[in-house]
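Okay, structure first, notes after.
The values are calculated or read from the model by the stated rules, or taken from the named source; none is laboratory data. Keep in mind that what you see is a predicted model, and the values were worked out from it rather than measured. Positions of Cβ are generated from backbone atoms using ideal geometry, with glycine treated the same way; all protein chains shown enter the neighbour counts.
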2 protein chains.
Amino acid sequence: MLTETKTGYTVKQLADLAGVSIRTLHYYDEIGLLKPSSVGDNGYRYYEEEAVYRLQQILFFREMELGLLQIKDIMEQPEFDLMMTLVTHRQALQDKIARLQTLIHTIDQTLAHLTGEVDMTKKKLFEGFTEEEQERYAQEASEKYGAATVQASMQLWKSYGKDKQAAIMQEGKVIYQDMLAAMGQGATSAGVQAIVARWHQHLRYFYEPTPEILRGLGHHYNDDPAFHANFADLHPDLPAFLEQAIMHYCDVQFPSA
Amino acid sequence: MLTETKTGYTVKQLADLAGVSIRTLHYYDEIGLLKPSSVGDNGYRYYEEEAVYRLQQILFFREMELGLLQIKDIMEQPEFDLMMTLVTHRQALQDKIARLQTLIHTIDQTLAHLTGEVDMTKKKLFEGFTEEEQERYAQEASEKYGAATVQASMQLWKSYGKDKQAAIMQEGKVIYQDMLAAMGQGATSAGVQAIVARWHQHLRYFYEPTPEILRGLGHHYNDDPAFHANFADLHPDLPAFLEQAIMHYCDVQFPSA
DNA sequence: CTTGACCCTCACGTTACGTCATGGTTTATC
DNA sequence: GATAAACCATGACGTAACGTGAGGGTCAAG
């Protein structure tokens, strides 16, 4: 009682962790966007893990230039799903990269024009900017983060029932054990590829991964130190093996991606 | 006198062209960032070509999230050079793309974490955001758009003297004629490659193009309708020939790029 | 106890416009 | 020439997302 333990991040700790200001955290609390997990007797704000994840989400939304109240609305919807939203962020980021590539294209054309090589319409000078405006409006529409996809995801998960949900979570644990046992068959063998298919289906219980995500995960398993160490603990060759198996699976299932 | 001709874009025309608001143009006039080229007897603002280019620059700076007064300062420096700045914008855009790629990487890791595959430090949740902050600070430094590179560029051009400057501009006209005459030798021949080297040097009188820019220009000459038409008027095979010749030149000169 | 770091609330200021009011100017049509 | 719609101007208040500073309480180490 007298030494009540205070857990969680203080404002300075969280601000440093996430690269935002303390004032930002105050403001987000004030507008109800990110409430602290608890407030101590001293009036201090304390943030737990859930709040940390929520802040990450907010930063992604902010990167997409959504307004704070808009972000709050989206996250307050009962069908808000963390993973589905991350997938949507991913798509939005790729759209943004495409637009930046367009700006680079515009620069190259302007440079060539200024060195006298070709005429250029005035409209082309702003290629990428006007599209940027259009993209911004599109982002403001709720469809991108929207009800349709997110609702489908939640309904799908809820439709499984408690027993099946538990079985799905257990299945996830079994897949890597089976993969380990099948390493002797080779990464491209029918047996291993069947396990990769189960891994793919396992992911699909949570969200619909694009081919690119699948490839990206396969690469991270081998290349990312944390992933690598996690799997190498099971077997030193497992990380590279997983990458090979997943890449082959993607080559076969998605030949054009 | 009585029917004084008014030329240039009105605010609505320029706003539509560039995808900005009329209010923005008013504001930019007010703060001295973008003055109209002339003001009619009726009080209307009219913008000529020079102002259009200036607006493009402003939009690029704005894309890099520089403040308006900061942008104004940069553009008021006597050594401000349009082309050199475009090259700098290009680099900044590529840095920005790299950062967005990092955010995608963070998403992939978060997704894998949430499906139970690996532990993830809280710090990794914000990978890309904190770097974003650092990048923003770096952008605010004047070095990126800065005095050093821009000064060097201007001094270089001024050091040529009027006669040499005229000769350089004339050389630019000759290069494409020589290229046309040498088409029979093949894109990878020593004669054609020597002309590509002259083209490269020609660009370098204006700015230092990166290998990527060289490749990008080579590709645009063939792929972009305006470029393509311009060169195809000289010879129908010239656009593709130029691309081949430039790509080969870049392969040889910059084997690792 | 002292000091420095950290915490709080309060409140004004900044930046880059968005929006509206009021009224003059231009253009096209009848 | 008259009319209506589109366009132009200035002026001014408001907004979003904080930045900054004031004043004062809390915590931890020496």
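Results for (1) within 16 Å of DNA strand C (Cβ to nearest atom); (2) within 12 Å of another protein chain (Cβ to nearest Cβ); (3) under 19 Å from the mean Cα position of the chain (by Cα); (4) among the hydrophobic types (A, V, I, L, M, F, W, C), shown as yes or no for each residue.
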{"site": "B:TYR47", "(1), (2), (3), (4)": "yes, yes, no, no"}
{"site": "B:ARG54", "(1), (2), (3), (4)": "yes, yes, yes, no"}
{"site": "B:LEU66", "(1), (2), (3), (4)": "yes, no, yes, yes"}
{"site": "B:LEU82", "(1), (2), (3), (4)": "no, yes, yes, yes"}
{"site": "B:GLN94", "(1), (2), (3), (4)": "no, yes, yes, no"}
{"site": "B:ASP108", "(1), (2), (3), (4)": "no, yes, no, no"}
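Could you list, in sequence order, all residues of segment B:19-29 that are more than 8 Å from DNA strand D (Cβ to nearest atom) and at pLDDT 90 or above?
Going through segment B:19-29, the residues more than 8 Å from DNA strand D (Cβ to nearest atom) turn out to be B:19-21, B:24, B:27-28.
Result: B:VAL20, B:SER21, B:THR24, B:TYR27, B:TYR28.
Condition test on A:LEU25, is it closer than 18 Å to A:ILE71 by Cα, near DNA strand C (Cβ under 8 Å from one of its atoms), aliphatic (A, V, I, L, M) and crowded, with 17+ Cβ neighbours inside 10 Å? For A:LEU25, the condition - closer than 18 Å to A:ILE71 by Cα, near DNA strand C (Cβ under 8 Å from one of its atoms), aliphatic (A, V, I, L, M) and crowded, with 17+ Cβ neighbours inside 10 Å - is met. Per this entry, B:MET84 is counted among residues that are closer than 21 Å to A:LYS122 by Cα and away from DNA strand D (no atom under 12 Å from the Cβ).
Here is a yes/no grid of residues against (1) more than 14 Å from chain B (Cβ to nearest Cβ); (2) among the aromatic types (Phe, Trp, Tyr); (3) surrounded by fewer than 17 Cβ atoms within 10 Å (Cβ to Cβ):
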| residue | (1), (2), (3) |
| --- | --- |
| A:LEU33 | yes, no, no |
| A:GLY40 | yes, no, yes |
| A:GLN57 | no, no, no |
| A:PHE61 | no, yes, no |
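Apart from one condition, B:TRP199 fits all of (1) out of contact with any helix residue (DSSP H, G or I) (no Cβ under 8 Å at 6 or more places or on another chain); (2) at pLDDT 80 or above; the exception is (1). Given the structure, is A:GLU208 under 20 Å from B:HIS113 (Cβ atoms), surrounded by fewer than 20 Cβ atoms within 10 Å (Cβ to Cβ) and facing chain B (nearest Cβ under 10 Å)? Answer is no for this residue.
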